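Participant: Sharing a structure here in structure tokens format.
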Amino acid sequence: MSICGNFGAVCRMIKIEHSIFALPFAYAGAFLAHGVVRSALTGQPKMPSLATLALLTVAMVGIRSFAMAFNRVADLPYDSKNPRTAGRPLVTGEITPWQTWRFCGVMAAVFVAACAAINPVCLALSLPALALAALYSYTKRFTWLCHFMLGGVIGLAPVAGWLSVSPALTLPAVLLGIAVTFWIAGFDIIYACQDMEFDRQEGLHSFPARFGTGVALAVAAFCHVNTVLFLLLAGGACSLGFGWYFCLAATAGILWWEHHLVSPDNLSRLRTAFALNGPISVLLLAGALMGIYL
């Protein structure tokens, strides 16, 4: 066994497949920064360098792996009691808490090193980003706003992508970050509905546990309406072409279908609804590229 545990178990612990939620938005931020900044300077949008994209990828994988592993070890006392999470590697003993802490340390170092290689602004923000990613794991213990905290952490992805190319915070980057924050918060509230009774028993403060599934699903829908609105504003702020709006319309359709699949009286299709979010970030990355280059 390696210093951080079995490789397959580590991948299952951090749900490596869920990188699809954040990484495409980081790429979108980088390409949009080049499209907006470079086109303003030269009249011709250009692509970010492969070196920038590679470093951005390493940084995003590093911080996401850190955040997921930190969350798993922080939530171990609860995961060991919840039947839904009984098969997680930390619960079954495939990975030990000490190995997980070491993995967190390695991923944090990888993230900071990648940020340092990108530019001084990204390096300066790397430690606050790690702190926010770690703090999220404890917010469910004291506030039902935990879903928005998670959204805010992942909402930094397009901002990070933007800053990797143009180290100055601008309106389009902020609009993208807010859109992603609402998107993540919305589907995380939906996902939390399945643990509502468990959270109440354990004194955890998820939105469904505090307000019930009816209010939770209504707020999740409100979040996703805001997602579409802020993405619309971001497209206007970046002067994107038709491709962005086409993909945004498709995104709105997917979100509508997601909410159509669940209701306060029937959560049997909740996992299917959650899975619909997978293509959205890829779809919007495609929309950003078409909006810039076509």
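Participant: In the stretch 223-240, is there at least one residue being at pLDDT below 95, surrounded by 16 or more Cβ atoms within 10 Å (Cβ to Cβ) and outside any helix (DSSP H, G or I)?
Facilitator: The answer is yes; a qualifying residue exists.
Participant: Is at least one residue of the stretch 207-220 surrounded by fewer than 16 Cβ atoms within 10 Å (Cβ to Cβ), under 24 Å from Trp244 (Cα atoms) and not polar (S, T, N, Q)?
Facilitator: The answer is no; no qualifying residue exists.
Participant: Residues to consider are Asp188, Asp195; find the one that is closer than 16 Å to Val219 by Cβ and open to solvent by less than 30 Å² (accessible area, probe 1.4 Å). Reasoning before the result, please.
Facilitator: Details: Asp195 fails: closer than 16 Å to Val219 by Cβ.
Residue meeting the stated conditions: Asp188.
Participant: Can I ask one more? For the stretch 48-61, give me the residue count where each residue is modelled with pLDDT under 95, open to solvent by less than 20 Å² (accessible area, probe 1.4 Å) and within 18 Å of Gly105 (Cα to Cα).
Facilitator: 0
Participant: Could you check the stretch 241-282 and list, in sequence order, the residues that are in a loop (DSSP other than H, G, I, E, B) and polar (S, T, N, Q)?
Facilitator: The first filter runs over the stretch 241-282 and keeps only residues in a loop (DSSP other than H, G, I, E, B), leaving 241, 261-262, 264-265, 267-269, 276-277.
Within the stretch 241-282, Ser268, Asn277 meet the criteria.
Participant: At least 2 residues that are more than 18 Å from the chain's Cα centre (by Cα) in each: list the helices (runs of 4 or more DSSP H) lying fully within the stretch 96-163 that qualify.
Facilitator: Fully inside the stretch 96-163 and qualifying: 97-118, 120-139.
Participant: From the residues in the stretch 67-86 that are under 20 Å from the mean Cα position of the chain (by Cα) and among the small types (Gly, Ala, Ser), which one is farthest from Ile14 (Cα to Cα)? Let's see the steps before the verdict.
Facilitator: Kept after step one, since they are under 20 Å from the mean Cα position of the chain (by Cα), are these residues of the stretch 67-86: 67-75.
The next check asks that each one be among the small types (Gly, Ala, Ser); those that pass are 67, 69, 74.
Numbers: Ala67: 8, Ala69: 6, Ala74: 13 Å.
Checking each candidate, the answer is Ala74.
The values are calculated or read from the model by the stated rules, or taken from the named source; none is laboratory data. Keep in mind that what you see is a predicted model, and the values were worked out from it rather than measured. Ideal geometry is used to build each Cβ from the backbone, glycine not excepted, and the neighbour counts take in all protein chains shown. Note: accessible area is taken over every heavy atom of the protein model, side chains too, but ligands, DNA and RNA are not part of it. Shrake-Rupley method; radii C 1.70, N 1.55, O 1.52, S 1.80 Å.
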